[in-house]
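So the structure is just underneath, and the comments pick up after that.
The values are calculated or read from the model by the stated rules, or taken from the named source; none is laboratory data. Please read these numbers as outputs of a predicted model, since none were measured by experiment. Neighbour counts are summed over all protein chains in view; Cβ atoms, including those assigned to glycine, are modelled from backbone coordinates with ideal geometry. For accessibility, only protein heavy atoms count, side chains too; no ligands or nucleic acids. Shrake-Rupley method; radii C 1.70, N 1.55, O 1.52, S 1.80 Å.
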Amino acid sequence: MTGEIVYREAHAEDIPAMADLFLTSIRDMYKRYGILETPPPRGALIAGYSHLLSTGIFRLAESESRILAIASAIIRDNVWFLSTFWGLPDQQRKGVGMPLLKQLWQAGKEAGATTFFTHSSPDTTAMAVYMKMGMLPGHQIIYF
């Protein structure tokens, strides 16, 4: 990516592209970790992201009109829950996600959050990012 990375709030018109980013990213993660699971349907993601956009904080990183990473959080009272944090496979481990997450964290602090947590995917790089931010991520090891 040669263009400047812009970090901004997500908008309703970004939702289809954000859903596509998630699907690309999760399929890549499933392949890397040998997970035999089917990603959620695109329509369900679009509905969920629409709800998150209207009830939480949703930010993205983009360059040259291409969305590179997405992050969203739900805040209730003083509790901030990271509900989405995904980057395109070719943008992971390149310094795109951490600034995005820090901005989302700061927005939570400004909204009054004092407790920050997430439920993690099994991706070890994501877990390392969460630990750098002071969260202790967990992921279930048994699926029913």
- prompt: Can you tell me the accessible area per residue over the chain, all protein chains present, probe 1.4 angstrom, in square angstrom?
  reply: 55
statement: Measuring from its Cα centre, the chain shows a charge dipole (+1 at each Lys and Arg Cβ, -1 at each Asp and Glu Cβ) which, in debye to the nearest 20, is 360
Structure-derived log10 I(q)/I(0) by the Debye sum over Cα atoms at q = 0.09, 0.17 Å⁻¹ - corresponding label in [x] -0.41, -0.97; [y] -0.26, -0.98; [z] -0.32, -0.96: [y]
- line: Computed ³J(HN,Hα) along the stretch 99-104: with the Karplus parameters 6.51/-1.76/1.60, θ = phi - 60°, integer Hz and x for glycine or proline, the list is x, 5, 5, 4, 5, 5
field: 13 Å beta-carbon shell around I15, net charge (K/R +1, D/E -1)
entry: -3
- line: On the accessible surface of the stretch 1-73, probed at 1.4 Å with all protein chains in place, carbon and sulfur together account for a percent value of 55
query: With a sphere of radius 12 Å drawn around the Cβ of T124, what net charge do the other residues whose Cβ falls strictly inside it have (Lys, Arg +1; Asp, Glu -1)?
result: +1
- line: Among GluC sites (Glu not before Pro) in the stretch 43-144, those in a DSSP loop whose Cβ has at most 12 other Cβ atoms within 10 Å are E64
statement: Filtered pair list for the chain (Lys only, Cα < 20 Å, 8 or more apart or interchain) has a length of 4
- prompt: With a sphere of radius 11 Å drawn around the Cβ of D90, what net charge do the other residues whose Cβ falls strictly inside it have (Lys, Arg +1; Asp, Glu -1)?
  reply: +2
task: Starting at the first residue of the stretch 10-26, write each ³J(HN,Hα) from the Karplus equation 6.51 cos²θ - 1.76 cosθ + 1.60 with θ = phi - 60°, in whole Hz, x for Gly and Pro.
output: 6, 10, 3, 5, 7, 4, x, 5, 5, 4, 5, 4, 4, 4, 4, 5, 6
message: What FRET efficiency comes out for D20 versus T125 if R0 is 22 angstrom and r is the Cβ-Cβ distance? Round to the nearest 0.05.
response: 0.55
